[in-house]
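Visitor: Sharing a structure, written as structure tokens. Questions coming.
The values are calculated or read from the model by the stated rules, or taken from the named source; none is laboratory data. Computed from a prediction, not measured in an experiment: that's the story for all the values here. Note that we place each Cβ from the backbone using ideal geometry, even for glycine, and neighbour counts take in every protein chain shown. Remember, those area values only see protein heavy atoms, side chains included, never the ligands or the DNA or RNA. Shrake-Rupley method; radii C 1.70, N 1.55, O 1.52, S 1.80 Å.
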Amino acid sequence: MGGAISRIGRMLKGRGWSASAGRKLRHILSARQFSKKELDLILRRAAEMERLMRKKGFTTSLKGTVMATLFYEPSTRTRLSFESAMSRLGGKVITTENAREFSSAAKGETIQDTIQVVSGYADVIVIRHYEKGAAEKAASVSKVPVINAGDGPGEHPTQALLDLYTIKRDFGAIENRKIGMVGDLKNGRTVRSLAQLLQHYPGVELFFVAPKELSIGEDIKEILKEKNIPFHETECLEEVLPLLDVLYMTRIQKERFSSEEEYERLKNVYILDSAKASTMKPNSIIMHPLPRVGEIATDVDDDVRARYFEQARESGVYVRMALLDLLLG
Ligand code: CP
């Protein structure tokens with residue numbers, strides 16, 4: 001384990017790490033920052049964390065360290081799994097309830113000023129914000145690593161890492177998988193981050209299923225083209241289901257719509273139920289970053305291919321333990 005940490009430390013030198021307060025510092029802001037080697041190390045480290053958790057349930061490797069969670073947007077999984085991960089590594093958590101309302105942001109304080117102060121209270125800051133680019137803004141003034149836990153419709157890199165881990169756990173390899181991403185691909189930050197990570201895996205073929213109004217961004221398509229990752233766009237879920245190894249459902253993101261009517265028109269555009277799931281391959285898997293709001297019917301929950309609860313309950317904690325340990329260990 002120690003060997004893996006010193007290897008990643010050596011490897012990341014000169015790739016965005018800088019000395020601060022005697023510690024190597026690196027922020028986690030975007031899926032595009034990772035090389036394939038770094039992804040391999042993170043996934044290996046997460047597997048070590050999974051073994052450790054199954055055997056012992058906790059470690060004290062981060063005893064004495066403090067993580068601050070600043071969530072300006074609602075969260076169940078990301079915040080609690082980060083807090084669980086830090087607790088299981090022996091560290092402590094400080095937090096503010098609903099940072100948008102109960103931190104001094106409500107009095108007009110800028111995010112930069114908040115971070116300058118909070119980075120004196122903690123060894124790492126996990127931030128979720130409603131504005132794209134907010135985590136980068138935070139990192140630009142932070143004295144400690146900043147982890148982007150979702151910045152508006154921008155990115156959600158740690159979710160994408162746990163999605164990758166879930167796929168690897170099932171198939172052993174991520175290469176050569178046919179992966180369908182369904183729903184609000186325009187505003188879905190998990191999809192944007194996951195598609196960027198998948199550029200590192202040869203043989204991957206992507207199927208983007210979305211209404212025209214919610215199609216995947218041109219920036220993501222450019223990245224995939226550059227890396228020769230084939231992708232297809234369609235509005236028809238039924239036509240891709242039998243082809244897929246991985247079905248990645250997402251919700252239509254109500255909070256990103258300016259028109260209630262437009263949301264109402266699109267919210268139920270794709271619903272996976274057991275009848276539709278029966279057209280999928282027997283060894284495929286069904287994923288969702290959650291929360292779901294009806295796009296996967298509850299009659300799919302007992303399907304042996306459903307991974308969405310396991311994805312959040314297990315992969316989320318192991319991957320976030322790995323990331324904290326690699327940043328601070
Ligand atoms: N997947 C995810 O980001 O969930 P939360 O919004 O509950 O954190």
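Visitor: Return the residues of segment 42-68 that are closer than 18 Å to S193 by Cβ and not β-branched (V, I, T); say none if nothing qualifies.
Guide: Step one: filter segment 42-68 for residues closer than 18 Å to S193 by Cβ, giving 42-43, 46.
If the condition is that a residue be closer than 18 Å to S193 by Cβ and not β-branched (V, I, T), then L43, A46 are the ones that fit.
Visitor: I'm trying to understand the selection: among the residues of segment 166-199, which are open to solvent by 10 Å² or more (accessible area, probe 1.4 Å), more than 14 Å from the ligand (Cβ to nearest atom) and touching a helix residue (DSSP H, G or I) at 6+ places or on another chain (Cβ under 8 Å)? Spell out the reasoning first.
Guide: Initially, segment 166-199 is screened for residues open to solvent by 10 Å² or more (accessible area, probe 1.4 Å), giving 168-173, 175-178, 186-187, 189-190, 192, 199.
Then drop every residue that is not more than 14 Å from the ligand (Cβ to nearest atom), which leaves 168-173, 175-178, 186, 199.
Selection gives K168, R169, R177, K178, K186, Q199.
Visitor: Of the conditions (1) of a type outside the set (S, T, N, Q); (2) more than 28 Å from G57 (Cβ to Cβ); (3) within 13 Å of the ligand (Cβ to nearest atom), G120 clears all except one; give me its number.
Guide: Status for G120: all satisfied but (3).
Visitor: Considering only residues that are touching a residue at least 24 places away in the same chain (Cβ under 8 Å) and under 12 Å from H288 (Cα atoms), look in segment 309-329 and name the one that is farthest from the ligand (Cβ to nearest atom).
Guide: Residue satisfying both the conditions and the ranking: E310.
Visitor: Separate question: Please find, within segment 252-291, the residue that is nearest to the chain's Cα centre (by Cα) out of those that are within 16 Å of the ligand (Cβ to nearest atom) and surrounded by fewer than 16 Cβ atoms within 10 Å (Cβ to Cβ). Steps first, please.
Guide: The first filter runs over segment 252-291 and keeps only residues within 16 Å of the ligand (Cβ to nearest atom), leaving 252-256, 286-291.
The next check asks that each one be surrounded by fewer than 16 Cβ atoms within 10 Å (Cβ to Cβ); those that pass are 254-255, 291.
On the way: K254: 19, E255: 18, P291: 13 Å.
Across segment 252-291, the extreme among qualifying residues is P291.
Visitor: Name the one entry in E222, E213, E233, E238 that is away from the ligand (no atom under 16 Å from the Cβ), assigned to a strand (DSSP E or B) and not hydrophobic (A, V, I, L, M, F, W, C). Outline the logic, then answer.
Guide: Values: E222 fails: assigned to a strand (DSSP E or B); E213 fails: assigned to a strand (DSSP E or B); E238 fails: assigned to a strand (DSSP E or B).
Criteria check complete, one pass: E233.
Visitor: Please return the ranges of helices (runs of 4 or more DSSP H) entirely within segment 29-104 where 2 or more residues are open to solvent by less than 10 Å² (accessible area, probe 1.4 Å). I'd like the intermediate steps shown before the answer.
Guide: Working: elements: 36-55, 77-88, 99-102.
So the answer is 36-55, 77-88.
Visitor: Separate question: In segment 120-150, which residues are open to solvent by 10 Å² or more (accessible area, probe 1.4 Å) and assigned to a loop (DSSP other than H, G, I, E, B)?
Guide: The answer is G120, Y121, D123, Y130, E131, K132, G133, S142, K143, V144.
Visitor: Here's a follow-up. Every residue in segment 61-81 that is farther than 20 Å from R256 by Cβ and of a type outside the set (K, R), please.
Guide: Matches in segment 61-81: S61, L62, G64, T65, V66, M67, A68, T69, L70, L80, S81.
Okay, residues lined up against (1) within 20 Å of the chain's Cα centre (by Cα); (2) more than 15 Å from the ligand (Cβ to nearest atom); (3) in contact (Cβ under 8 Å) with a residue 40 or more places away in the chain; (4) closer than 23 Å to M53 by Cα:
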| position | (1), (2), (3), (4) |
| --- | --- |
| T65 | no, yes, yes, yes |
| T76 | yes, no, yes, yes |
| S81 | yes, no, yes, yes |
| S84 | yes, no, yes, yes |
| G90 | no, yes, no, yes |
| E101 | no, yes, no, no |
| S104 | no, yes, no, no |
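Visitor: K225 - would you say it is surrounded by 14 or more Cβ atoms within 10 Å (Cβ to Cβ), closer than 23 Å to L197 by Cβ and within 23 Å of the chain's Cα centre (by Cα)? Lay out the reasoning, then the answer.
Guide: Numbers: surrounded by 14 or more Cβ atoms within 10 Å (Cβ to Cβ): no; closer than 23 Å to L197 by Cβ: yes; within 23 Å of the chain's Cα centre (by Cα): yes.
Taking the combined requirement at face value, the residue does not satisfy it.
Visitor: Let me ask you something else. Please work out which one of (1) within 16 Å of the ligand (Cβ to nearest atom); (2) open to solvent by less than 30 Å² (accessible area, probe 1.4 Å); (3) within 18 Å of A122 (Cα to Cα) is the condition I111 fails and give its number.
Guide: Among (1) within 16 Å of the ligand (Cβ to nearest atom); (2) open to solvent by less than 30 Å² (accessible area, probe 1.4 Å); (3) within 18 Å of A122 (Cα to Cα), I111 violates only (1).
Visitor: Let me spell it out: the conditions are (1) over 21 Å from the mean Cα position of the chain (by Cα); (2) modelled with pLDDT under 95; (3) of a type in the set (G, A, S), and S119 meets all of them except one. Which number is the exception?
Guide: Only one criterion is unmet by S119, namely (2).
Visitor: To continue, here is another question. Check R313, R305 and return the single one that is in contact with a strand residue (DSSP E or B) (Cβ under 6 Å, 6 or more places away or on another chain) and either surrounded by fewer than 17 Cβ atoms within 10 Å (Cβ to Cβ) or modelled with pLDDT of 95 or more (or both).
Guide: R305
Visitor: Between T65, T95, which is closer than 21 Å to E131 by Cα, modelled with pLDDT of 95 or more and β-branched (V, I, T)? Quick ask: steps written out before the conclusion?
Guide: Details: T65 fails: closer than 21 Å to E131 by Cα.
Result: T95 is the single residue among T65, T95 that is closer than 21 Å to E131 by Cα, modelled with pLDDT of 95 or more and β-branched (V, I, T).
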